[in-house]
């Protein structure tokens, strides 16, 4: 097989990233410039600030990725880029850069769905992994259970009906005074807390439905905090974080295992920022182990938004002939399985 080298570009939120990946699995470079410090004082991502920072960083980041990969532009076979979902201004920066590079270098352009990219991160981490499998994609903006039927064929089995899991983590972290980003901070605080201290609600739907709802638990945490403050009662931030995290993880893992059984899948995977959560990994290992399922999840750096996962997903689209033209536009609400 002739090697295929993909340049990937990712700017869907607040990470400016470029990566060079060979044959979909071998990462030659993966440069990530995060804006977390820039947005921390606002308690979340400010879209206009994110877009402007992407404009500053995109060309230096792409140049660094190519330099670290030790290649020339001639060696690149295609340019993969996230075109949705995400913040429209941020998406447009990466997409505009990718289209300009593809045009200038005479390379095919491959538009990549952001969630497809998160799923593909598992192929980089686990060279032996092949579809089909069931994947939980959990991040600040998404909570999906996806049946990965093939490299370019996906079926959504469940999704959030309100807040995403990562969004709930961010809001609860803000409520207890931890700041942003909430996921890692709650995970760290929960290690010193009692996960059974507060009985926060778990929301499940009818049998055979694998959807999520996290707005209720977020409200329950806020009510607990407000009630304690009104009564002048002290509460443990560690216990609140541990109890909240335990409730969210219970629902995520239960639905993922149930979806795997429903589809007769033997393999389950995690993807997205919440996939880095230590309790989620531990609980999945225990429950999947009892159910006889194989478990896959990326390293923490590949759980965050990064261009290596986009280049990996673009490779599998490219070898199947799924390329885009230069009229490709950013689609902030792009659904998995749709094509622009």
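The values are calculated or read from the model by the stated rules, or taken from the named source; none is laboratory data. No experiment lies behind these values; they were computed from the predicted model shown. Methodologically, a virtual Cβ is constructed for each residue, glycine included, from the backbone with ideal geometry; neighbour enumeration extends over all protein chains shown.
Below are the figures for this structure:
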{"read-out": "Residue that is modelled with the highest pLDDT [pool: residues in region 171-184 that are more than 21 Å from residue 226 (Cα to Cα) and crowded, with 20+ Cβ neighbours inside 10 Å]", "value": "183"}
{"read-out": "Candidates 78, 165, 102 - the one that is more than 30 Å from residue 44 (Cα to Cα), touching a residue at least 40 places away in the same chain (Cβ under 8 Å) and in contact with a helix residue (DSSP H, G or I) (Cβ under 6 Å, 6 or more places away or on another chain)", "value": "78"}
{"read-out": "Residue within region 188-209 that is surrounded by fewer than 20 Cβ atoms within 10 Å (Cβ to Cβ), under 19 Å from residue 252 (Cα atoms) and in contact with a strand residue (DSSP E or B) (Cβ under 8 Å, 6 or more places away or on another chain) present", "value": "yes"}
{"read-out": "Pick from region 271-281, criterion touching a helix residue (DSSP H, G or I) at 6+ places or on another chain (Cβ under 7 Å) and not in a loop (DSSP other than H, G, I, E, B), ranking: nearest to residue 108 (Cα to Cα)", "value": "271"}
{"read-out": "Unique residue being in a strand (DSSP E or B) and buried (at least 20 other Cβ atoms within 10 Å of the Cβ) when the list is 19, 33", "value": "19"}
{"read-out": "Residue ID - surrounded by the fewest Cβ atoms within 10 Å (Cβ to Cβ), chosen from residues in region 292-301 that are touching a helix residue (DSSP H, G or I) at 6+ places or on another chain (Cβ under 7 Å), modelled with pLDDT of 95 or more and not in a loop (DSSP other than H, G, I, E, B)", "value": "295"}
{"read-out": "Region 199-235: number of residues that are assigned to a loop (DSSP other than H, G, I, E, B) and closer than 30 Å to residue 157 by Cβ", "value": "15"}
{"read-out": "Test: residue in region 63-71 that is under 23 Å from residue 331 (Cβ atoms) and at pLDDT 95 or above", "value": "no"}
{"read-out": "Region 101-120, residues that are within 12 Å of residue 9 (Cα to Cα) and not in a strand (DSSP E or B)", "value": "101, 102, 114, 117"}
{"read-out": "Any hit, region 17-29, residues being at pLDDT below 95, assigned by TED's automatic domain parsing to the domain that holds residue 111 and more than 17 Å from residue 105 (Cβ to Cβ)", "value": "no"}
{"read-out": "All positions within region 131-152 that are more than 18 Å from residue 45 (Cβ to Cβ) and out of contact with any strand residue (DSSP E or B) (no Cβ under 9 Å at 6 or more places or on another chain)", "value": "150, 151, 152"}
{"read-out": "Complete set of residues in region 282-334 that are free of Cβ contacts under 8 Å to residues at least 24 places away in the same chain and over 24 Å from residue 107 (Cα atoms)", "value": "282, 285, 286, 289, 290"}
